[in-house]
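Scroll down for the structure; my scribbles are underneath it.
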Amino acid sequence: MTCSDCVQNLGAFIDGELPAEEMAEMEEHLKTCADCSAAHRRLTGTSSRVKAGLMRYEAPDVLKARIRSSLADTSREAPDQRAAVALPRRWTWQSMLTAAAAVAIVSSGVTFEALRDRAAGNSIEQQVLSSHIRSLMPGHLTDVASNDQHNVKPWFNGRVNMSPDVPRLDSLGFPLVGGRVDYIDGRSVPVIVYTRRQHVINVYAWPTATPNRALRSISSNGYNLIRASRDGEDLWIVSDLNRQELEQFAQLYAGPIR
């Protein structure tokens with residue numbers, strides 16, 4: 001085996017894609033050729049660093065459905081169309097180095113962003129926001145649909161470990177539409193649902209030992225979130241309603257918090 005053949009097949013060798021005979025020839029060549037062995041170590045190291053820096057996330061159900069639909073459309077293409085976009089099994093050594101460098105550069109940026117956002121990605125804030133988005137899907141908004149606080153509040157008895165406040169705010173422009181139980185931070189929590197025109201407002205509440213905390217507004221992906229703690233409750237209020245009106249609602253729901 002020549003050095004040219006060896007470096008051309010390094011990628012396939014590392015991925016275990018070569019026939020057994022060629023794998024054996026590559027192994028023997030790498031034992032005796034210092035230059036090819038060094039190239040093998042560099043490429044292996046680059047591959048390991050790229051894989052170590054990658055992060056995996058669970059795709060939301062809506063994204064999974066879109067991907068399946070897209071794949072189904074692709075599978076219906078004519079065979080000659082699919083063949084036209086087929087990639088060669090083996091790359092040249094120069095192409096492989098260029099691709100590895102590009103992946104390393106992109107991966108370093110992705111890794112930096114992922115590390116910076118990891119805490120936020122795993123935070124209660126993101127869980128609450130994901131829950132709010134799920135609730136907007138048909139049939140997910142309420143488990144008990146009612147504009148009467150005397151129907152909604154007792155419905156939570158026996159379903160969660162606290163009885164949340166369910167104030168009537170209809171006359172102030174925030175009608176009650178019901179409630180549901182959701183799962184946040186490893187526990188079942190009550191969610192009270194209000195609306196403002198066509199905007200849904202979800203109020204999450206669970207017990208906390210944190211002292212009373214003033215309202216704090218956060219914006220994420222086009223949604224506004226407001227967090228506060230009061231009287232042993234941690235509150236999260238989420239909506240795509242503009243921040244000013246959502247803060248108005250939060251003051252009405254939670255009252256002054258100092």
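Each eigenvalue of the Cα gyration tensor of the range 124-254, multiplied by 5 and square-rooted, gives one semi-axis; in descending order these are 18, 18, 15 Å. When you restrict to C-alpha pairs under 8 Å that are six or more residues apart and normalise by the size of the range 124-254, the relative contact order lands at 19 percent. In this structure the amide hydrogen of Ser220, modeled in the peptide plane, comes within under 5 Å of the amide hydrogens of Leu225, none closer than 5 places in sequence on its chain.
Which of rounded, prolate, oblate describes the range 1-46, given a ≥ b ≥ c as roots of the alpha-carbon gyration tensor eigenvalues and a/c under 1.5 marking rounded, otherwise prolate only if a/b is larger than b/c? Verdict is oblate for the range 1-46.
Under 5 Å between amide hydrogens, built in the peptide plane, is the criterion, and for Val189 it picks out Asp182, Tyr183, Ile184 among residues at least 5 positions away or on other chains.
All of the numbers you see were taken from the coordinates with simple rules; none came from a lab. Computed from a predicted structure; not experimentally measured.
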